[in-house]
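The structure under discussion appears below in the form of structure tokens.
The values are calculated or read from the model by the stated rules, or taken from the named source; none is laboratory data. Being a predicted model, the structure only gives us computed values, none of them experimental. Cβ placement follows ideal geometry from the backbone for every residue including glycine, while neighbour counts extend to all protein chains displayed. Just the protein is used for accessible areas: all its heavy atoms, side chains included, with ligands, DNA and RNA removed. Shrake-Rupley method; radii C 1.70, N 1.55, O 1.52, S 1.80 Å.
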Amino acid sequence: VLRQIGIFVATLVVAAALVFFIAGPLPDGAGGPLGWLAWMGHGLTGDFGVSIARNAPAGALVLQSLAVTLPLFILALLVAALIAAVFAAYFVRWPGAVPTSIGLGKARTLAALPPFWLGLLLVLVFAGLLHWLPPGGFFAWTDNFGGALAALVLPVLALAIPFGAALGVD
């Protein structure tokens, strides 16, 4: 575990160095190793600077995005676990039989679907043709809880179906 944590930390440090040195010097002109250390220090204290696109503190924008990203992640993980359990139960029911071979083929096909492509298909069918779900956008949780959940259905399915099928095969 400690080895994996060390690899994770080393990866973060290398990625941060690459981002810093590829992006160029900071707006205040600080560059080089000392500028990188100052930049890392600001990041470790929660000061991510100001977003150029929105002219707002980047840390606040990241926290604001977590209101959508975190529920999306948790729901996709739960739905993927449910899909994996269904496939696993199906495979255990008929070990080595023809239905298992067919089910494995279906699971492997679903596991191979790129989530962005599956997402486009889901939007086309459930938002474009059937008009059951919103095609995009997001409602604030406090303004429209049901609308916020409805807006997450298609992204959750696009992420969970391939991941759950891959877990079910393993």
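Restricted to segment 27-68, and to residues that are on the phi > 0 side of the Ramachandran plot and surrounded by 10 or more Cβ atoms within 10 Å (Cβ to Cβ), which residue is farthest from the chain's Cα centre (by Cα)? By that ranking, first place goes to G32.
Residue-level check: of (1) at pLDDT 95 or above; (2) on the phi > 0 side of the Ramachandran plot, V123 misses just (2). Among the residues of segment 84-136, those that are hydroxyl-bearing (S, T, Y) and either touching a helix residue (DSSP H, G or I) at 6+ places or on another chain (Cβ under 9 Å) or open to solvent by 100 Å² or more (accessible area, probe 1.4 Å) (or both) comprise Y90, T100, T109.
Please state which one of A53, A76, A58 is under 26 Å from G137 (Cβ atoms), in contact with a strand residue (DSSP E or B) (Cβ under 9 Å, 6 or more places away or on another chain) and of a type outside the set (F, W, Y). One residue alone meets the criteria, A58. When the criteria are applied in full, F73 fails the requirement of being in contact (Cβ under 8 Å) with a residue 12 or more places away in the chain and open to solvent by 40 Å² or more (accessible area, probe 1.4 Å).
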